[in-house]
Amino acid sequence: MALNMKALLAMILVFVGCCSNVVFLELIIKIDPGAGNLITFLQFLFIALEGLIFTSKFFTVRPKIALKDYVKLVVLFFGANVCNNYAFNFNIPMPLHMIFRSGSLMANMIMGIILLKKRYNLRQYSSVAMITAGIVLCTLVSSGDVKDNTHHSLKVETSFSDVFWWSVGIALLSVALLVTAYMGIYQEVIFKRHGKHPREALFFTHMLPLPGFLIMASNIAQHWKIAVASETVAVPMPGISWSLAFPLMLFYLLCNVVTQYICISSVYVLTTECASLTVTLVVTLRKFVSLLFSIVYFRNPFTLSHWLGTVLVFFGTILFADVLNQLLETYRLRLEKRFEAAPKTIEYSRI
């Protein structure tokens, strides 16, 4: 029962943490679309500090997995996160960003075929074709309404069109998809070799890349100044009659960092407590809820073609995971267990 409660709590926190994280991310992007590197740095710093205190206990706990095995994983993880968040600087709207990132199964299949020489059945190929068609449709529709969303203080005259920079953003998202898929394969290899250690992996994949942000120091400093200079909001202080004036973007950044930690740590717990089918369902449903909220609350433009592409992506994901058949199989097994556990009645034949 404790295990079920732990899994249920993780599912609830995935929805609460991940969905609210996307909300705060979009609020930040509305103010400063180029804040991707700043967001990524603060997320990594917060999770690394938490892991340093509670997981590593200031490096007094010996890691189960050698640091050399983490290095490649860290490079991939760092690159994927930077590409995903930096893409907002290139005219990528939030709904397209979420739909594009939902194509991870397509990228996993491509990497599986290339690197692991895997073969898939017709259902899996069909589902990935649906996901690909959905992403392509949403991308093509979005390309018709591309606007320069750079913060006014950082606008630079360029001979390249807004569509060109949008194409750069699409390329970054594509690279991030493939890198994430490769990272998943490499992570699977490490976990098979050393066993699963989610808290340790969470700490080292966020702590080791921190020096890499020195390359982006000037960019991070630029957008930190924008955050500090943003309009202020009054934050009430518990037990005190007065409130604290706080830059609005800094408040959003703080909320984004905390919810990101809740989101990613809950997903790590979910992967250790539940079957992959359950994790796929929860994560897919969470993405769909986030997308709906983004469209409704932020009134992002979303046409009938966008909806068709979205349905193709999410239905393709469900089809790939073979959800219907697995749910039916689970139900059948439960019925069999109940039948076996039921008291047997003795039938007497009439004489």
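Points to keep in mind about this one:
- Across every pair of non-identical alpha carbons in segment 162-218, the mean reciprocal distance, once inverted, gives a Kirkwood radius of 13.9 Å.
- For Thr232, the residues whose modelled amide H falls within less than 5 Å of its own, excluding neighbours fewer than 5 places apart on the same chain, are Leu248.
- Extension gain, Ser126 back to His194 (0.36 nm per residue minus Cα-Cα distance, nm): 21.0 nm
- Given +1 at the Cβ of Lys and Arg, -1 at the Cβ of Asp and Glu and no other charges, the dipole of the chain around its Cα centre is 1220 debye to the nearest 20.
- Kirkwood Rh, Cα atoms: Rg over Rh of the chain: 1.03
- Net length gained if the chain between Thr278 and Thr303 were fully extended (0.36 nm per residue, minus Cα distance): 5.9 nm
- Shape call, segment 40-151: gyration tensor on alpha carbons, a/c limit 1.5: oblate
- Accessible surface of segment 10-69, 1.4 Å probe: 76 percent of it comes from carbon and sulfur atoms.
- Estimated FRET transfer efficiency when R0 is 51 angstrom, pair Met5-Asp162 (beta carbons, to 0.05): 0.50
- The chain - percent relative contact order, Cα under 8 Å, separation 6 or more: 36 percent
- With Cα atoms, 0 to 90° folded angle of helix 2-31 axis to the chain main axis: 20 degrees
- Ordering of 210-221, 57-68, 11-22, 81-92 by packing is 81-92, 11-22, 210-221, 57-68, highest average first (other Cβ atoms within 10 Å, averaged per residue).
- Distance between modelled label sites at Ile114 and Ile185, nm, 7 Å Cα→Cβ extension: 0.8 nm
- Between Ala245 and Leu49, residue separation times 0.36 nm minus the direct Cα-Cα distance comes to 67.9 nm.
- The modelled label-to-label distance between Val136 and Leu333, using points 7 Å beyond Cα along the C-beta direction, is 3.7 nm.
- Over 31 Å (Cα to Cα) - which of Lys72/Lys117; Lys64/Lys337; Lys30/Lys287; Lys68/Lys287; Lys6/Lys57; Lys72/Lys118 fall in this group: Lys64/Lys337; Lys68/Lys287
- Crossing angle, helix 276-297 versus the chain [Cα axis fit, 0-90 degrees, rounded to tens]: 40 degrees
- Candidates Lys337, Lys225, Lys192: whichever shows maximal mean-square fluctuation once the chain is modelled as a Gaussian network with Cα springs under 10 Å: Lys337
- Integer Hz, Karplus 6.51/-1.76/1.60 couplings in order for segment 243-248, x for Gly and Pro: 10, 9, 7, 9, x, 4
- Using a Förster distance of 30 Å, the FRET efficiency for Asp322-Arg62 (Cβ separation, nearest 0.05): 0.15
- Relative to the longest principal axis of the Cα atoms of the chain, the long axis of helix 162-194 makes an angle of roughly 40 degrees.
- When cysteine pairs in the chain are screened for C-beta atoms closer than 4.7 angstrom, the residues that find no partner are Cys19, Cys83, Cys138, Cys255, Cys274.
- Distances between placed amide hydrogens fall under 5 Å for Gly34 paired with His151, all partners being 5 or more residues away or on another chain.
The values are calculated or read from the model by the stated rules, or taken from the named source; none is laboratory data. What you see is a predicted model; the values in this text were computed from it and never measured. With ideal geometry, Cβ positions are generated from the backbone for all residues, glycine too; neighbour counts draw on all protein chains shown. Calculation scope for accessible area: heavy atoms of the full protein, side chains included, ligands and nucleic acids excluded. Shrake-Rupley method; radii C 1.70, N 1.55, O 1.52, S 1.80 Å.
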